[in-house]
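Single-structure report; data block below.
The values are calculated or read from the model by the stated rules, or taken from the named source; none is laboratory data. Computed from a predicted model, the values in this text were never measured in an experiment. Cβ placement follows ideal geometry from the backbone for every residue including glycine, while neighbour counts extend to all protein chains displayed. When the accessible area is computed, the model is the full protein with side chains, heavy atoms only, and any ligands, DNA or RNA have been set aside. Shrake-Rupley method; radii C 1.70, N 1.55, O 1.52, S 1.80 Å.
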Amino acid sequence: MATPDFISTLRASAGHQLLWLPGVTALVFDDAGRLLLNRRSDTRGWSVIGGIPDPGEQPAACAVREVEEETAVRCAVERVVLVQAVRPVTYGNGDICQYMDITFRCRALGGEARVNDDESLDVGWFAVDALPELNEFATFRIKQAMSDAPTWFDATGSG
């Protein structure tokens, strides 16, 4: 994944220590109810679309931007699905980050799904009952987006 310039600047001072960062996830559905996924270039696995807001960027605007940058699909945010502090992640270079993820359910507006940057190896639409193998992060968010439940959050603090 491309590292935003503001994080590279922080890393110059912070080294590899934990950075607490905002993150967004966009679950984009088309009119047929299919979900847009990308196969990430860093992990080579299928994933939901996501990214890090630029300083001052609104989370919903970031979700829309990330989807278009990575897949060439234009979308509109419909609702917040969940808000969750996720476990710290240690990257291959030793950098440690922890994200406060805001997940949005989005509706596709147009554009042909395709690899649109170097963060993806493949992009595609999938029926919800025929998804490729996904991690728990993605499957939990998809389940919440498919339900009529209100925005999910952990009020217990137990993660």
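Compare ASP148, ASP154 by solvent-accessible area with a 1.4 Å probe and give them largest first, with all protein chains kept in place.
On the way: ASP148 160, ASP154 50 Å².
From most accessible down to least: ASP148, ASP154.
Report, to two decimal places, the Cα Rg of region 1-123 normalised by 2.2 N^0.38 Å (N = number of residues).
Working: Rg = 14.5 Å, N = 123, 2.2 N^0.38 = 13.7 Å.
Against the compact-globule rule of thumb, the ratio is 1.06.
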To the nearest 10 degrees, how steep is helix 5-14 against the longest Cα principal axis of the chain, on a 0 to 90 scale? 30
Give me the percent of accessible area attributable to carbon and sulfur for region 2-126, probe 1.4 angstrom. 51
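With the alpha-carbon atoms as the only input, what is the per residue convex hull volume for region 70-159 in Å³?
Details: hull volume 12.0 nm³, N = 90.
Value for region 70-159: 133 Å³ per residue.
Counting only other residues whose beta carbon sits under 15 Å from that of ALA130, what net charge do I get with K and R as +1, D and E as -1?
Local net charge: -2.
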Can you give the log10 of the normalised intensity I(q)/I(0) at q = 0.14, 0.28 Å⁻¹, computed with Debye over equal Cα scatterers of region 11-57? -0.54, -1.04
Keeping all protein chains in the complex and leaving out DNA, RNA and ligands, what accessible area do you get for GLU136 with a 1.4 Å probe, in Å² to the nearest 10? 150
Averaged over all viewing directions, the convex hull of the alpha carbons in region 43-96 casts a projected area in nm² of 5.2
Sort region 89-140 into rounded, prolate or oblate with this rule: let a ≥ b ≥ c be the square roots of the eigenvalues of the Cα gyration tensor; rounded if a/c is under 1.5, and if a/c is not under 1.5, prolate when a/b is larger than b/c, oblate otherwise. prolate
Which of the listed residues, LEU21, ALA85, LEU37, is farthest toward the dipole's positive end in the chain, when Lys, Arg count +1 and Asp, Glu count -1 at the beta-carbon? ALA85
Quick check: with the 1.4 Å probe, what order do MET100, MET146 take by accessible area, largest first? MET146, MET100
Counting only heavy atoms of the protein chains, get the accessible area per residue of the chain (1.4 Å probe) and round it to a whole Å² value. 54
Run the lone-cysteine check on the chain: no other Cys C-beta under 4.7 Å from the residue's C-beta. CYS62, CYS97
